[in-house]
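The values are calculated or read from the model by the stated rules, or taken from the named source; none is laboratory data. Only a predicted model underlies this, so the values are computations on that prediction, with no experimental measurement involved. Cβ atoms come from the backbone with ideal geometry, glycine included; neighbour counts cover every protein chain shown. Ligands, DNA and RNA are stripped out before the accessible areas are found, and what is left, the full protein with its side chains, is counted by its heavy atoms. Shrake-Rupley method; radii C 1.70, N 1.55, O 1.52, S 1.80 Å.
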Amino acid sequence: MAVATTLVAALAACGGSDGDGSGGGAELRGTVKIDGSSTVAPLSTVASELFKEEQARVQIPVGTSGTGGGFEKFCAGETDVQDASRPIKDEEKQACASKGIKYEEFAVANDALTVVVHKDNTWAQCLTVEQLKKIWEPGSKVNNWNQVDPKFPKEPLKLFGAGTDSGTFDYFTDEINGEEGKSRTDYQPSEDDNVTVQGVAGSKGGLGYFGFSYFEENASKLKAVQVDGGGGCVAPSVQAAQDGTYKPLSRPLFIYPSAAALKRPEVLQFVEFYVEKHAEIAKRAKFVPLNPTQDAKLKQALATLKSQAGK
């Protein structure tokens, strides 16, 4: 383990640690600033908690201003690591370039974006992509479940979902409506997925969407809808995300570390730790671990970024 070896060697050189996080001179101090996607936040939170077991004096605040809001901060040099539930956009690349911010894209886990309904919803067991588009497309006037399918009851449809700064919003609208950022606007948006949980759980006719981990955390309050992307109804799950059968709402999740930030030892060792432990982090945060091809690309991305940082 490259990171573990680095940490052990550093501690040994200074007489080791007393085990309570107050070891010798090799102990790291400082802050690693993370912001961005609320979907990716549980991954970075778990990574920070595990890392702090070894380096207790490193502070690692994890913000959730959304993928778009996070990139604004990251490309202004205000944060060290960007959490993102979609790839960086061209305009964001330009913003980073204008400030001299260099980075690499690290896919650290996979997700199954989950459509959820109220626990008492007995009719919407499976929805097709076409039905989801009918609900969510720009200008949609669908406001009752029987407008989605005449077999469904006359139950008012109340919609909750990601805010426009969210990568989840970008991804969902692209896959369901056919164009990123295009959506009806008369729903309750939020960058905080817990708001969507509360909204759907509090309305019998509620429907919303967010990352799979948030559903697993709230499975006692909500139901996950199966999605038919053309090959039949498939429920979101770890296996379905890994084997590609949950279409079209499976996706990779990313972090973007700054090359300049890697010049600071606390950031370098945290990012190395994140990459080394990505499978454990994904499992603990209830996401889908990378496949072997993704793992190899992640390690190459780290090597490239370290080269840019002169490490």
When segment 32-48 is checked residue by residue, the ones that are buried (at least 24 other Cβ atoms within 10 Å of the Cβ) and in a loop (DSSP other than H, G, I, E, B) are 32, 37, 38, 39, 40
In segment 146-156, is there at least one residue being of a type in the set (Lys, Arg) and either open to solvent by less than 40 Å² (accessible area, probe 1.4 Å) or more than 21 Å from residue 38 (Cα to Cα) (or both)?
-> yes
How many residues are assigned to a helix (DSSP H, G or I) and open to solvent by 40 Å² or more (accessible area, probe 1.4 Å) if we restrict to segment 280-293?
-> 5
Restrict the check to segment 200-209 and report whether at least one residue is under 25 Å from residue 65 (Cβ atoms), of a type in the set (S, T, N, Q) and buried (at least 18 other Cβ atoms within 10 Å of the Cβ).
-> no
Of the residues in segment 70-104 that are open to solvent by less than 10 Å² (accessible area, probe 1.4 Å) and not aromatic (Phe, Trp, Tyr), the one that is modelled with the lowest pLDDT is 85
In segment 53-65, the residues that are within 10 Å of residue 28 (Cβ to Cβ) and out of contact with any Leu (no Cβ under 7 Å at 6 or more places or on another chain) | 56
Picking from 298, 302, 268, 262, the residue that is open to solvent by less than 40 Å² (accessible area, probe 1.4 Å), modelled with pLDDT of 90 or more, closer than 21 Å to residue 211 by Cβ and of a type outside the set (S, T, N, Q) would be 298
Residue identified as over 29 Å from residue 42 (Cα atoms) and of a type in the set (Asp, Glu) among 90, 120, 149, 111 = 149
Confirm whether residue 137 is surrounded by fewer than 20 Cβ atoms within 10 Å (Cβ to Cβ), modelled with pLDDT under 95 and closer than 30 Å to residue 35 by Cα.
-> no
Among helices (runs of 4 or more DSSP H) entirely within segment 186-263, at least 2 residues that are of a type in the set (D, E, K, R) occur in 212-217
Tell me, which residue of segment 168-198 that is among the small types (Gly, Ala, Ser) and in contact with a Ser or Thr (Cβ under 8 Å, 6 or more places away or on another chain) is nearest to residue 117 (Cα to Cα)?
-> 190
Flag for residue 242 being more than 22 Å from residue 214 (Cα to Cα), within 19 Å of the chain's Cα centre (by Cα) and at pLDDT below 95 = no
Qualifying positions in segment 49-68 - closer than 17 Å to residue 255 by Cβ, open to solvent by less than 30 Å² (accessible area, probe 1.4 Å) and modelled with pLDDT of 95 or more = 50, 51, 58, 60, 63
Identify the single condition in (1) more than 16 Å from the chain's Cα centre (by Cα); (2) closer than 24 Å to residue 176 by Cα that residue 266 does not satisfy, given that it satisfies every other one.
-> (2)
Is there any pair linking a residue in segment 183-195 that is assigned by TED's automatic domain parsing to the domain that holds residue 139 to one that is acidic (Asp, Glu) and part of a loop (DSSP other than H, G, I, E, B), with Cβ under 8 Å and at least six apart or on different chains, and which?
-> 183/137; 184/137; 191/165
